[in-house]
Amino acid sequence: MPRKTRMYLPGVPVHVVQRGHNRYACFFADEDFRYYQHLPAEGMKRYGAELHAYCLMTNHVHLLFTPHQPDSLSRLMQHVGSLYVRYINRTYRRSGTLWEGRHKGSLVDAENYLLSCYCYIALNSSARDETCVYVPLSGIMTRAEWLDQKL
């Protein structure tokens, strides 16, 4: 039986959260964060989506995407998740699942909630030294640069 695909509205931003299994760590070293950061690019080209911001926490990730097709995000997250799990299992000589089920995606009302979603992603990690990147139309900015510009 084919896998069910979650559908999203093309052109409507989505806040995606994916947690480590049992809320355990899914990033163990700096190299893991760096590896994960490069995974969405190929998937976005292949499946059609834009990435606006992301935050990689020790035990979960926050991503803010806009899909181009109804199944873009589901296919993209499956692509990213499977490549990353394969990398982690090979690197740490482990087996089994890393993620706590499928990703969770919430539609973002761009007019009323998009800025709040950016801020939530930024402030979610402000107490910790986590990997956050904001991708405005003008290019990649750090959390501090982005917050200074918005405040």
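The values are calculated or read from the model by the stated rules, or taken from the named source; none is laboratory data. Source: prediction; values computed, not measured. Note that we place each Cβ from the backbone using ideal geometry, even for glycine, and neighbour counts take in every protein chain shown. To get the accessible areas, we keep the full protein, side chains included, count just its heavy atoms, and leave off ligands, DNA and RNA. Shrake-Rupley method; radii C 1.70, N 1.55, O 1.52, S 1.80 Å.
At-a-glance table
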read-out	value
Some residue of segment 110-122 being over 19 Å from M7 (Cα atoms), aliphatic (A, V, I, L, M), in a helix (DSSP H, G or I) and open to solvent by 70 Å² or more (accessible area, probe 1.4 Å)	yes
Count of segment 20-40 residues which are under 17 Å from F65 (Cβ atoms) and in contact (Cβ under 8 Å) with a residue 24 or more places away in the chain	4
In segment 52-74, the residues that are surrounded by fewer than 19 Cβ atoms within 10 Å (Cβ to Cβ) and over 19 Å from R34 (Cβ atoms)	H68, Q69, P70, D71
Residue in segment 20-29 that is under 13 Å from L73 (Cβ atoms), under 13 Å from the mean Cα position of the chain (by Cα) and either at pLDDT 90 or above or not hydroxyl-bearing (S, T, Y) (or both) present	no
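One line per residue, one yes/no per condition, for (1) of a type in the set (S, T, N, Q); (2) open to solvent by less than 90 Å² (accessible area, probe 1.4 Å); (3) at pLDDT below 75:
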position	(1), (2), (3)
R93	no, no, no
W99	no, yes, no
K104	no, no, no
L137	no, no, yes
R143	no, yes, yes
